[in-house]
Amino acid sequence: MSDEEHHFESSDAGASKTYPQQAGNIRKGGHIVIKGRPCKVVEVSTSKTGKHGHAKCHFVAIDIFTAKKLEDIVPSSHNCDVPHVNRIDYQLIDISEDGFVSLLTDSGGTKDDLKLPTDDSLSALMKSGFEEGKDVVVSVMSSMGEEQICAVKEVGGGK
């Protein structure tokens, strides 16, 4: 028996942040990892095989968190990483002065680790709906260990 104490920093269930998929099977509207960032594919073009080569897929994609355009060229028979992307709706409870939001989870707990979105129109919509006393539902997109508010809906009337 060893007297060493093992300490693990990770608290997830061991699920991978990505899964492999053949480049030739990734379509427009799907997701792909380019330069370590989760992206949504906006354009795919496939070149024909050369004399000795593989057919190549040219991907143009938008980072789902920063909205930056990224490109990659991959042989169509090779595997690419595809991120697991989740979208969950939460009800807005509070907006603090330092820009963090408090959200109500389905289980009745609160989630307090997200900031207001960098998109001014989304954060303005959240603030105005919250100030008017409306029920505001936010959609949070999460992928590869990152989370960000990506959509806002107002439900029901105010006071």
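The values are calculated or read from the model by the stated rules, or taken from the named source; none is laboratory data. What you are looking at is a predicted structure, and each value in this text was computed from that prediction instead of being measured. FYI the Cβ positions are ideal-geometry reconstructions off the backbone, even for glycines, and counts take in every protein chain you see. Side chains included, ligands, DNA and RNA excluded: accessible areas come from the protein's heavy atoms. Shrake-Rupley method; radii C 1.70, N 1.55, O 1.52, S 1.80 Å.
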Accessible area per residue for the stretch 84-154 in Å², computed with a 1.4 Å probe and the full protein assembly in place, what is it? 56 Å²
Can you give me the three principal axis dimensions of the stretch 16-81 from its C-alpha atoms, in Å, biggest first? 39, 24, 18
Sorted list, accessible surface of protein heavy atoms, 1.4 Å probe, largest first, for Phe130, Phe65 is Phe130, Phe65
Which order do you get for Glu154, Glu43 if you rank them by accessible area with a 1.4 Å probe, largest at the top? Glu43, Glu154
Each residue of the stretch 68-82 in turn: what ³J(HN,Hα) in whole Hz from Karplus with 6.51, -1.76, 1.60 and θ = phi - 60°, glycine and Pro shown as x? 7, 8, 10, 10, 8, 10, 9, x, 5, 8, 7, 8, 10, 7, 10
Neighbour net charge for Val155 - beta-carbon separation under 12 angstrom, K R +1, D E -1: -1
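Mind putting a number on the dipole of the stretch 84-154 about its Cα centre? Charges go on the C-beta only, +1 for Lys and Arg and -1 for Asp and Glu, and I need it in Debye to the nearest 20.
200 debye
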Cα-Cα longer than 30 Å, checked against Lys28/Lys134; Lys35/Lys115; Lys68/Lys115; Lys17/Lys51; Lys69/Lys115; Lys28/Lys51, kept in input order, equals Lys28/Lys134; Lys17/Lys51
Charge tally in the Cβ shell below 11 Å around Ser96, where Lys, Arg are +1 and Asp, Glu are -1, Ser96 excluded: -3
Cα-centred dipole magnitude for the stretch 39-159, charges only on beta-carbon of K, R (+1) and D, E (-1), debye, nearest 20: 800 debye
